[in-house]
1. Helix A:83-92: angle to the longest alpha-carbon principal axis of chain A, degrees 0 to 90, nearest 10?
2. In whole Hz and in residue order, list the ³J(HN,Hα) couplings for the range C:311-322 that follow from phi through the Karplus curve 6.51 cos²θ - 1.76 cosθ + 1.60, θ = phi - 60°; x for Gly and Pro.
3. If the limit is 23 Å between Cα atoms, which of A:Lys9/A:Lys176; B:Lys186/C:Lys253; C:Lys268/C:Lys291; A:Lys271/C:Lys222 go over it?
4. Could you give log10 I(q)/I(0) at q = 0.12, 0.17, 0.19, 0.25 Å⁻¹ for the range C:20-83, computed by the Debye formula over C-alpha point scatterers of equal weight, without solvent?
5. Specify the longest stretch of chain B that does not include any exposed loop site, a site being one of the trypsin sites (Lys or Arg not before Pro) with a non-H, G, I, E, B DSSP assignment and at most 15 other Cβ atoms within 10 Å.
6. Before rounding to the nearest 500, sum -39500 (n - 2.57) across all DSSP H runs of length at least 4 in chain A and divide by the residue total; then give [θ] at 222 nm in deg cm²/dmol.
7. Calculate the radius of gyration of the Cα atoms of chain A to one decimal place, then report Dmax, the largest Cα-Cα distance, as a whole number, both in Å.
8. Taking the convex hull of the Cα atoms, report for the range A:1-61 its projected area averaged over all directions, in nm².
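Every read-out reported here was derived from the displayed coordinates using simple, explicitly stated rules and does not represent laboratory data. These figures come from a predicted structure and were not determined experimentally. Glycine also receives a Cβ, built like all others from the backbone with ideal geometry; neighbour counts cover every protein chain displayed.
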Amino acid sequence: MRESLIQLKNLTTHFFTPEGVVKAVERVTFGIDKGRTLGVLGESGCGKSVTALTIMRLIPDPPGKILEGEITFEGSDLLQLSPGDMRQVRGRDIAMIFQEPMTSLNPVYTIGDQIAETYVIHQRMGKPEAFQRAAEMLRLVGIPAPERRVHEYPHQLSGGMRQRAMIAMAMSCRPKLLIADEPTTALDVTIQAQILDLMLGLQEEVGMAIMIITHDLGVIAEVSDDVVVMYAGQVVECASIETLFLQPRHPYTLGLMSSIPQLGRKFKEGKARLKEIPGLVPNLIRLPPGCLFQPRCPMAFHTCTQQRPPLFSLDSGHGVRCWLVEKEARNP
Amino acid sequence: MAEIPTSNPEIDEAAPSILSLVLRKMWHLRMGVLGALLIFCLIFIALFCPYVSPHDPFKQDITKRLWKPAFMEGGKAEYLLGTDHLGRDLLTRILYGTRISLVVGLAAVILMLTVGVTLGLVAGYFGGKADAVISFLVNCMMGFPFILLAMSLVAVLGASLQNIIIALGLTGWPVFTRVTRIETMKLRDREFVLAAKSLAFSTRRILVRHILPNLLPAILVLATVEVARAIIRESLLSFLGLGIQPPTPSWGVMLAEGRDYMLLQWWLAAFPGMAIFMSALGINLLGDALRDLVDPYLRKT
Amino acid sequence: MDRPAPESRPTSNSISATESGDDFLLRVQGLKKYFPIRKGLLGRTVGYVYAVDGVSFAIRRGETLGLVGESGCGKSTIGRCLLRLYEATDGQIFFQGMDISKLSPGEMIQFRTRIQMIFQDPYSSLNPRLRVREIIGESLRVHNLVPQGDWQDRVRELLAEVGLQPDHMARYPHEFSGGQRQRIGVARSLAMNPDLIVADEPVSALDVSIQAQVINLLDSLKDKHGLSYIVIAHDLAVVEHISDRIAVMYLGKLVETARDRDLYLNPKHPYTEALLSAVPIPAPGGRERRKSRKLIQGDVASPINPPSGCRFHTRCLKTMEECRRIDPPLIEIGPEHHVACLLYGGGRP
């Protein structure tokens, strides 16, 4: 029986810049169940990181503004919480790790200091006990000789180690939801495999949900239970991982899948050119009328240029924002 | 942390009118616009002071000495800012002083630029011994107090407008070398410089066509600030009697002349002082705005 | 000297003074590149970064060789040595039979027209102060590659070839997107009419949906101009798609080279196996794949202090006692398939 942990509804975040309004996230709706992993797939500018920051309410204001929407987490709307209450949620219930561990770890404090800080703040522990817990966390995330490492500075650790330290920091309060924004993009592929394994192992142990944001379809395939595909600030497709790979419907998803090189494909299917998606990601200030993907879509027809499609619902929670599926959709 | 998403330049779409973008930017940098206005006034005055000044800056008239400015009781309208101890109109002398300040400021900075940027390019691009020698020189010079150096130079060369420019130029170049060197070192490893090398371009071409133009933003900002500093330094030297000699109306000279009358005829020193202040302020404001304009551009590219 | 006397395009024979008679376009032998680490006021050398430590390979005309490996393996350094952007510490590089470290200045210019590079970062590989037509056309003018006055037409041709609009040539780089800038970089290399292009991470800084555009572009240009490529990348899927042969590097040395098919279906070196299994595949069944993966532990060792013997032995799942002492040479175990691993021989008794 799946229980919903967090539910986003019509989330809208815009940035008001001198050049115009950047519509970074537009009416985004999805949910994550307890103990499950949601993959958020998209390229730069699609709004995936801004969505995560919106959940954490870390959007700089100005120039950003959360204009609309609800984030239901454990019965309350995160967007309505006071700053103090939100701070409690952040770090204790929802934790976030980022792409570049070098810039998200403070270079002038030791790893131990930074991990211990969460214990001191959120669990009101004394410093020495907090440090001991920090060393335990480092051991939990697979850093060898943790008692020594706990006194080291970020620059003394390798990229993989730093990311593990970040995970240790994020896990220290046993969060219910871990948001990971491109956690392995800056890492070598063998290290990436280790880190993904670590995250999933911790998930099993602790029963937390993971929201992993990435542009790498392979990573999505290996860690997600459900997937949300984002483009130009909107959700264009959402489905379980099996459905996404076996029955992708949105032209962008289809385009992505046939345009990325896959190991071994050319031996099975013969060497063929990659099917590219022509054109560029749209300018978020001057969005096209009609469907946002239409200028690049090989299957666009007249309605696509006129009206923005809603997110149509197909069977078993498969949502597709495309006029092509209108006939099969269940919702009006 | 994710950055604020920037929009992708879609070249074929129509942008908002250039005018509205420029106006918006100008409001954003309104302090800089103020600075630019001040400087524009300065340049205008420097060029046209013979036509704008009410009197002759050198004409002495003992009968009219130490008259109060027009806005004070007992002042005369034809001498808006009063007269000095030799009966010369203060306003006219201040206006003519603009010429001195601007000429000295610009000329000195041009000299600093020429010497400083060349040395900086050599040190930054070639490194090794050349860098060691030049950096050592820079550090020595920056350690020395400016006054000492300038005084020595003037003592050797004699005090005159030309020599002040030389003294300021030869003492002010190290900061340009420092900045140029650092920027050159950063640029040297950028991929477009490697590309230029791989295209078999000569070192001279790479330095002049590829590295130098990319240094310009940083140097330009520094140059505007240095003009302000040069103006202030000229005033200081002239005040000390080491620069422009009376009766030439340099603001620094006027400060020196007005020093003896500070108690009662305060305007003799106050107004030249204000002129120095406004010039330096205008240049600094403009320099700040230039830096704002240049920095995001640098970061974007 | 910027302007050698204008002459007709020389054929490859006029460069080589010492033809060694092989039909390889490029041959690298025992290439080493060490970077000294200096510390202190006087800049004493306290150690070295052994970025490339004895690498040998060759590439034929019309071939695409992929050079793949993780960070610190030295692949980018090799690329720069091939263009003589770095001077090799040891070893030789023969381009069309000619030892490139012994070229006269005139021959250097000719060499530079033959081998070009595409750089990784589209945001720093173009001079932001020059217009696109200058960026692409500068080499045409400086080296008199086209008759005076025709260079702008040639720039338009090149822009069209890489899929950009010719009338955009008066624009500046910052007006283009990342993928478009990368295309400009390609056009710039093509202007010199090279035989070999070294592509250093050509698509890793681009969005996924743009990568395919650039990969396809490189493919079509290869067929059209008879180019040879050396593609340096860390993304194994990209390298495998685009290459005819692949060389896998670890910590400054080659561990395996093979034809693309052989590397994928029949990897021999434990590192190659680990790499192949670590690459996440965008297909259903990810969970099961993850469970059956042979995970190697630990981090990549440092090129400043590489492990003794076989560099990979500290992380290898099949390491033996000799591996700590003996550095395995690259030996041939099949047609065009070489491995440097004691499991397949090469250890001294």
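1. 80 degrees
2. 4, 8, 5, 5, 10, 7, 7, 10, 5, 10, 5, 5
3. Details: A:Lys9/A:Lys176 19 Å; B:Lys186/C:Lys253 30 Å; C:Lys268/C:Lys291 21 Å; A:Lys271/C:Lys222 15 Å.
As for pairs spanning more than 23 Å Cα to Cα, those are B:Lys186/C:Lys253.
4. Relative scattering, expressed as log10 I(q)/I(0), comes to -0.42, -0.70, -0.81, -1.12.
5. Working: sites that count: B:Lys59, B:Arg65, B:Lys76.
Maximal segment without exposed cleavage sites: B:77-301.
6. Taken over chain A, the calculation gives -10000 deg cm²/dmol.
7. Radius of gyration, then largest Cα-Cα span, for chain A: 20.9, 67 Å.
8. Values: hull surface 19.2 nm².
About 4.8 nm², averaged over all directions.
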